[in-house]
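Beneath this line is the structure, given in structure tokens, with notes to follow.
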Amino acid sequence: MTDVGFSATRRLILQGAGAVALVGLGNLPFGLTPALAAANDKYPEEAFKQKSDADVIKSLYGKTAEPSDKVKLDAPEIAENGAVVPISVSTTLADVTSIAFLVSENPNVLIAKYSIPTDTMPSVANRIKMAKTSNVTVLVEAGGKLYSATKEVKVTVGGCGG
Amino acid sequence: MASTIRVRASSNGEITEVQALIQHPMDSGFVKNAKGEIIPPHFIQQLTFEHDGKNVFAADWGGGVSKDPYVKFAFKGAKKGDELKISWIDNKGATDTTTAKIQ
């Protein structure tokens, strides 16, 4: 009799532990995702699938970009390794809210989009992959308008096709 | 496990410059392995930097960002000793978070 009682209690304890473990596991991803989503707008899944500059701009911003000499795009003339091409941008435009990097000849044109809050400088450096020689375009959203700068980067060894 | 995120944040009193280096394969889904099979896409989609509960920089990334991604930016409003919280999430739902002291 005591044996049965003991095993029933033990089962209860085990079930309890199982439930706690499940709740703990379940909470982690759900707790993190909304925090990230709130901090950053929803991930622009569609924009990252587009195959042309125009389609990316349409999907991301829904307006056209005008070239501006106030957007300074820093990229190498020749990239020996397309897998790692250092690209940076800075601008003297005011009220910048976002910056995006596009590589026209890559399978997916959009590389990265950065949101720039009020107290953050309108300047970003990163490293991108280039499948082959291509125009690199940077988009700067400032004061509700969209500006761009483009530069051709020659690639000796592609970094996307493999 | 050691963090996948390495951050250097330094303040000159007014502007804090942040450099981050993250360990991640950043597979685009367009590259084949030695057997000719496509390596499935595996890349960081979102990366955020928070200071004092406020978002100071956020990235949306595709598979076109280089392996072991590097990013550099700068912001105002922080001082030496403040903490910066960095988090990423990839297309498979994996995440990592770390905090760095501004120097």
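The values are calculated or read from the model by the stated rules, or taken from the named source; none is laboratory data. From a predicted model like this one, the values you see are computed outputs, not experimental measurements. When we count neighbours, we look across all protein chains shown, and the Cβ atoms used for this are built from the backbone with ideal geometry, even at glycine. The area values use the complete protein model at the heavy-atom level, side chains included, leaving out ligands, DNA and RNA. Shrake-Rupley method; radii C 1.70, N 1.55, O 1.52, S 1.80 Å.
Please enumerate the residues belonging to the stretch B:80-100 that are more than 10 Å from chain A (Cβ to nearest Cβ), among the aliphatic types (A, V, I, L, M) and under 16 Å from B:ALA58 (Cβ atoms).
If the condition is that a residue be more than 10 Å from chain A (Cβ to nearest Cβ), among the aliphatic types (A, V, I, L, M) and under 16 Å from B:ALA58 (Cβ atoms), then B:LEU84, B:ILE86 are the ones that fit.
Only residues that are polar (S, T, N, Q) and open to solvent by less than 50 Å² (accessible area, probe 1.4 Å): list them for the stretch B:47-102, please.
Within the stretch B:47-102, B:THR48, B:ASN55, B:SER66, B:SER87, B:THR98 meet the criteria.
Failed condition for A:ALA79, given (1) within 13 Å of chain B (Cβ to nearest Cβ); (2) assigned to a loop (DSSP other than H, G, I, E, B); (3) over 25 Å from B:VAL56 (Cα atoms), with all others met?
Unmet condition: (2).
In the stretch A:86-101, which residues are buried (at least 23 other Cβ atoms within 10 Å of the Cβ) and within 9 Å of another protein chain (Cβ to nearest Cβ)?
Scanning the stretch A:86-101 gives A:ALA100, A:PHE101.
Here is a list: A:THR133, A:THR118. Which entry is within 13 Å of chain B (Cβ to nearest Cβ) and of a type in the set (Ser, Thr, Tyr)?
Exactly one residue qualifies, and that residue is A:THR118.
Let's see how each residue does on (1) at the interface with another protein chain (Cβ under 7 Å from one of its Cβ atoms); (2) within 20 Å of A:PHE101 (Cα to Cα):
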site: B:PRO41; (1), (2): no, yes
site: B:THR48; (1), (2): yes, yes
site: B:ASP52; (1), (2): no, no
site: B:ALA58; (1), (2): yes, yes
site: B:SER66; (1), (2): yes, yes
site: B:VAL71; (1), (2): yes, yes
site: B:ALA74; (1), (2): yes, yes
site: B:ALA78; (1), (2): no, no
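Output the number of residues of the stretch A:14-49 satisfying the condition of being within 26 Å of A:THR91 (Cα to Cα) and either modelled with pLDDT of 50 or more or part of a loop (DSSP other than H, G, I, E, B) (or both).
Count: 7.
Restricting the search to the stretch A:82-102, which residues are in a strand (DSSP E or B), of a type in the set (Val, Ile, Thr) and in contact with a Lys or Arg (Cβ under 8 Å, 6 or more places away or on another chain)?
The answer is A:VAL85, A:ILE87, A:VAL89, A:THR91, A:ILE99.
Could you list, in sequence order, the residues of the stretch A:102-115 that are facing another protein chain (nearest Cβ under 7 Å) and either surrounded by fewer than 22 Cβ atoms within 10 Å (Cβ to Cβ) or of a type outside the set (D, E, K, R) (or both)?
Correct list: A:VAL103, A:ASN106, A:PRO107, A:ASN108, A:LEU110, A:ILE111, A:ALA112, A:TYR114, A:SER115.
With the requirement that a residue be loosely packed, with under 14 Cβ neighbours inside 10 Å and acidic (Asp, Glu), what does the stretch B:1-46 give you?
Within the stretch B:1-46, B:GLU14, B:GLU37 qualify.
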